[in-house]
Amino acid sequence: MTDTPYTLTDPKQVDTPAPSAAATPKKSGPKNKRNAPNKPMGKKRARPEIVVRPVAEPARRQKRHWGLLLSFLILVVAPFAVTWWYLANRAADQFASTLGFTVRSEDTASASELLGGLGATLGVGSSGAQDSDVLYEFIRSQELVQTIDNQLDLREMFSRHIEKDPAFGFHPPGNRWGMTFDGTIEDLTRYWQRMVRLSYDQNSGLIELQVRAFTPQEARSIAEAIYAESTTMINGLAAAARSDATRYAQEDLDLAIERLKDSREALTAFRIENEIVDVSADIQGQMGLLNALQTLLAEARIDFDLLSTNAREGDPRMIQAQARIDAIELQIAAERQQFGGGGESYAQTIADFESLAVDGEFAEQSYVAALAAFDAARAEANRQNLYLAAYIQPTIAERSEYPQHGLILGMVVLFTFLAWSILALVYYSLRDRR
């Protein structure tokens with residue numbers, strides 16, 4: 001069928017023939033100047049022709065249309081139908097237990113902070129947020145999974161419906177459907193991270209868990225086991241913090257105790273060897289004896305001078321008085337020899353004793369300072385005690401919420417439709433380039 005152009009003209013624009021002279025009576029002339037032509041009429045210009053093509057025929061079904069429909073059924077409808085059938089007939093119900101807690105610290109203001117805010121100046125602050133970070137990683141760790149598996153047998157819990165529900169269950173070791181499954185602790189850890197969902201706010205340090213299992217009691221049991229193991233881990237962190245805070249102070253205290261013990265043992269040995277209990281008292285006694293001898297010597301000389309004025313030479317009293325003076329002088333010399341002589345003299349003994357006394361005094365002061373530091377470190381460690389505070393106790397579910405049928409079906413439809421649309425656009429773009 002060929003397109004035949006049609007010519008469309010405006011009837012208002014068609015030139016009409018002028019009336020004949022016989023049909024139109026001749027007028028003698030214009031009676032009114034308004035009816036008289038201003039200028040002679042010329043021949044009218046022909047209007048351009050407008051060509052209108054015929055209306056297109058209705059579209060007919062092509063093979064590509066059937067292919068597009070078939071691809072829609074295969075890529076969109078079929079996955080949706082299979083997913084709906086599996087969720088309705090094979091997927092096992094999962095129950096959720098909710099648990100919420102945070103790490104708290106009894107970190108009251110210390111004396112230094114009250115007096116001058118030194119804690120803020122030195123950058124000393126609460127470590128609650130850091131402990132929460134550690135706890136968050138601990139809950140996701142393989143160590144916790146292994147511990148709870150030993151307590152509750154997670155492999156048996158999670159693989160109970162594996163024959164009926166292979167998509168949402170854990171695959172224990174064995175051969176199924178022509179495939180070999182290892183069921184290692186790494187596989188269990190990955191499945192654990194699917195069943196235990198964590199929500200952690202780093203600003204507030206709040207941790208909220210949603211634990212899923214195939215029965216409400218099992219979900220609650222797992223949540224309680226997580227809370228118990230987390231409490232044990234936090235207590236271990238607190239004990240380690242206290243141990244680190246007091247370890248160096250304890251070492252200094254032990255060293256000061258040993259030093260004080262050695263100094264006192266050395267001083268005791270010195271007293272036993274020299275038979276001196278109190279050097280100060282002994283010195284005072286020696287000085288008192290020397291002063292008394294000096295007094296006696298002065299009196300003896302006075303008596304000798306008095307006798308020399310009245311008695312004759314060779315008088316026995318004179319000889320006795322002189323002998324008394326000589327004895328007193330010898331005693332004074334002997335006493336002075338103990339204070340100022342060389343070798344193992346009394347002065348050297350006193351010097352050694354004073355050295356030991358100074359060492360003992362220094363050791364005692366070091367012990368007092370180390371004991372005060374140890375008490376302060378222990379008080380600081382006890383002041384920064386950590387504990388786990390639960391603001392949501394493990395709940396027990398009354399109905400199944402997982403797997404979420406509506407969400408899964410919606411995601412399947414969304415992504416399959418997007419994939420089908422992209423493939424259709426690619427096909428038509430390639431077809432138009434031919």
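The values are calculated or read from the model by the stated rules, or taken from the named source; none is laboratory data. Remember, predicted model here, so these are calculated numbers, not experimental data. Positions of Cβ are generated from backbone atoms using ideal geometry, with glycine treated the same way; all protein chains shown enter the neighbour counts.
Looking only at residues in region 185-201 that are farther than 20 Å from Tyr402 by Cα and charged (D, E, K, R), which one is surrounded by the most Cβ atoms within 10 Å (Cβ to Cβ)?
Filtering first and then ranking leaves Asp187.
Sort out which residues of region 397-434 are under 26 Å from Asp165 (Cα atoms) and part of a loop (DSSP other than H, G, I, E, B), and write them in order of number.
Ala397, Glu398, Arg399, Ser400, Glu401, Pro403, Gln404
Out of everything in region 190-231 that is among the β-branched types (Val, Ile, Thr) and within 15 Å of Leu152 (Cβ to Cβ), what residue ends up being farthest from the chain's Cα centre (by Cα)?
It comes out as Thr215.
Among the residues of region 155-183, which ones are among the aliphatic types (A, V, I, L, M) and touching a helix residue (DSSP H, G or I) at 6+ places or on another chain (Cβ under 6 Å)?
Once the filter is applied, which keeps residues that are among the aliphatic types (A, V, I, L, M) and touching a helix residue (DSSP H, G or I) at 6+ places or on another chain (Cβ under 6 Å), region 155-183 yields only Met157.
State all residues of region 356-387 that are in a strand (DSSP E or B) and loosely packed, with under 14 Cβ neighbours inside 10 Å; if no residue qualifies, say none.
Of everything in region 356-387, just one residue is in a strand (DSSP E or B) and loosely packed, with under 14 Cβ neighbours inside 10 Å, namely Tyr387.
Checking Ser230 against (1) at pLDDT below 85; (2) surrounded by 19 or more Cβ atoms within 10 Å (Cβ to Cβ); (3) of a type in the set (Ser, Thr, Tyr), which single condition isn't satisfied?
If we test Ser230 against (1) at pLDDT below 85; (2) surrounded by 19 or more Cβ atoms within 10 Å (Cβ to Cβ); (3) of a type in the set (Ser, Thr, Tyr), just (1) comes out false.
Take Asp131 and tell me if it is at pLDDT below 80, closer than 30 Å to Ala240 by Cα and either part of a helix (DSSP H, G or I) or not hydroxyl-bearing (Ser, Thr, Tyr) (or both).
yes
Among residues belonging to region 298-355 that are aromatic (Phe, Trp, Tyr) and at pLDDT below 75, point out the one that is farthest from Ser263 (Cα to Cα).
Result: Phe339.
Return the total of residues in region 390-422 being among the aliphatic types (A, V, I, L, M) and surrounded by 13 or more Cβ atoms within 10 Å (Cβ to Cβ).
Counting residues in region 390-422 that are among the aliphatic types (A, V, I, L, M) and surrounded by 13 or more Cβ atoms within 10 Å (Cβ to Cβ) gives 9.
Every residue in region 207-228 that is of a type in the set (Ser, Thr, Tyr) and not in a helix (DSSP H, G or I), please.
Thr215
On the given criteria, is Leu293 at pLDDT below 85 and surrounded by 17 or more Cβ atoms within 10 Å (Cβ to Cβ)?
Answer is yes for this residue.
Working only within region 150-175, note down all residues that are closer than 12 Å to Asp187 by Cβ, in a helix (DSSP H, G or I) and either free of Cβ contacts under 8 Å to residues at least 40 places away in the same chain or not assigned by TED's automatic domain parsing to the domain that holds Arg194 (or both).
If the condition is that a residue be closer than 12 Å to Asp187 by Cβ, in a helix (DSSP H, G or I) and either free of Cβ contacts under 8 Å to residues at least 40 places away in the same chain or not assigned by TED's automatic domain parsing to the domain that holds Arg194 (or both), then Arg155 is the only one that fits.
Please enumerate the residues belonging to region 377-423 that are under 19 Å from Leu73 (Cα atoms) and β-branched (Val, Ile, Thr).
Ile408, Val412, Val413, Thr416, Ile422 - these are the residues of region 377-423 that are under 19 Å from Leu73 (Cα atoms) and β-branched (Val, Ile, Thr).
Checking the conditions here, which among Glu258, Glu273 is charged (D, E, K, R), in the same structural domain as Ala379 (by TED's automatic domain parsing) and modelled with pLDDT of 85 or more?
Going through Glu258, Glu273 in turn, the sole match is Glu258.
Which of the residues belonging to region 217-227 are surrounded by fewer than 19 Cβ atoms within 10 Å (Cβ to Cβ) and closer than 17 Å to Glu401 by Cα?
Gln217
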